[in-house]
Amino acid sequence: MLLTLNWLSIILLIVYAIVVVSCIVVVLSENRNPIRSLAWFIALVALPVVGLIFYLFFGRSMKGHHLINRHNKRKILHNFNRKSADFSTLRISDEEKQLVRLAHSLTHSPLTVNNEMTIFTTGHDKFRSLINDLENAHESIYLQYYIFLDDELGCRIADLLIKKAGEGVAVNVIYDHVGSFSASNSFFRRMKERGVDTHPFFRVTFPQLANRINWRNHRKLVIIDNRIGYIGGMNIADRYVKGMKDGSAWRDTHFRLRGDIVQSLIFSFAVDWYFLKNPDYSLNLKGASTEISNDCGMQLITAGPVDPWNNLSLCFLKAISMAGKSIYIQTPYFLPTDTLLNALEAAALANVDVRIMIPAKGDSKLLQLATYSYVTRCLKAGIKVYSYTPGMLHAKSMTVDNTFATAGSTNFDFRSFENNFEANLLIYDREINARFRDIFFADLKKCRKLKYSEWKARPLPQRALESLVRLFAPIL
């Protein structure tokens, strides 16, 4: 019996060694960042079992995988007129024209004009507008959120969607399975049984746990009658309207869109809908005509772990590099890649006014600690860092000089740039840029400016803990 156990142990060790070596070969063959490859090599060798589990959940790459097959993608493209507007008549710089071309090369996203944007900085205003538009829907509602909870706000919207489905409106809903995990299954089942075509994105069950849990759909899109669109940082949950449990405010940004850009939102939703293997006849992919006529330029840039390039990271890098006067960033989590951090430092050292606004009190202690680990280096380079004190700052935007802005679902962190499915607007318009700047400086009045001398003098245990958590920044 003892001999049998010894042989069984040897066989298990051999199998484990083969699996670990295979994982190391995969990591090396993917030609990743050398530091990250070395980190996974050390974890796999030095942390038996634990290192392998972490790799299976967080270490694998999805690049090169296809969400939908080429046949279905051709079907979607056939229904869209994806030609870019002529940007020669827009008041944008040569550098911004390069950014337009970059975004188009990465995602085939056209530059659109004839657009209007309403900016919401409170959940109360955003959801009042959204509910009104949903009430007035006549043909279709396409709704996609990372978080869709069954609290007071979620139930109100679910009831409204059921009501519109009963009136003959085509209602299609995508929610992220992990993001909405705290909502009950009966909540979504009720919508489905009452005519709302509801589907989870990347449903996580035990056999697919390691394959799916790390890659989440973080997009927040709504398209109503193919003529009104919503995009931004707000999910469907009471805290976006009522604030946090301790009574502090939840500061966020969201947008209502009309015009040609809505067609790009439909395209993004359609790609995710096809990925869920839903039939094409359930979506009307034809954008509604618009009476808007202006030169407000917008592109929708989408990104995800399956894309061959880090689309948003590259667009952010290009936008930062073209700054001549100012860069203003609002983000709940600041965990930049080395490339983006270097770009911000280079801009600040070249006397560009670089300002970063983060929450004084975040909704995640680990993410806040990791964020703080980058502050010293930013301050040392001359980047101005501000701590938003009234509550949770969940807004996600970047304004460059006086002509360009980008905002949407993307946080300034590894997860948004590399692991999540995200959607951001690239906006080439002076008036909208000015509105973003006004919002930034209004929020600035509620912030505390961090000083290098004070920040550097923080207790050693605090700094050590931040540095330790930072090691896990790519998977937080």
Table column - 3J(HN,Hα) (Hz), region 167-174, Karplus curve with 6.51, -1.76, 1.60, x for Gly and Pro: 8, x, 6, 6, 10, 10, 10, 10
- prompt: If we sort 454-466, 322-334 on the protection proxy, mean other Cβ atoms within 10 Å, highest first, what's the order?
  reply: 322-334, 454-466
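When ligands, DNA and RNA are left out and all protein chains stay put, how many square angstrom of accessible area per residue does region 277-435 have with a 1.4 Å probe?
About 33 Å² of surface per residue is accessible.
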query: Nearest 20 debye, what's the magnitude of the dipole of region 100-258 about its Cα centre given +1 on Lys and Arg Cβ and -1 on Asp and Glu Cβ?
result: 360 debye
task: Subtract the Cα-Cα distance of D94 and R463 from 0.36 nm times their separation in residues, and report this length gain in nm to one decimal.
output: 128.6 nm
task: Towards the positive end of the charge dipole of region 415-457, with charges on Cβ (+1 Lys, Arg; -1 Asp, Glu), say which of L444, N433, F421 has the farthest Cα.
output: L444
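The values are calculated or read from the model by the stated rules, or taken from the named source; none is laboratory data. The model shown is predicted, which means the values in this text are computed figures rather than measured ones. Cβ coordinates were reconstructed from backbone atoms using ideal geometry, including for glycine residues, and neighbour counts include every protein chain displayed. Just so you know, the surface numbers come from the protein's heavy atoms only, side chains and all, with ligands and any DNA or RNA stripped out. Shrake-Rupley method; radii C 1.70, N 1.55, O 1.52, S 1.80 Å.
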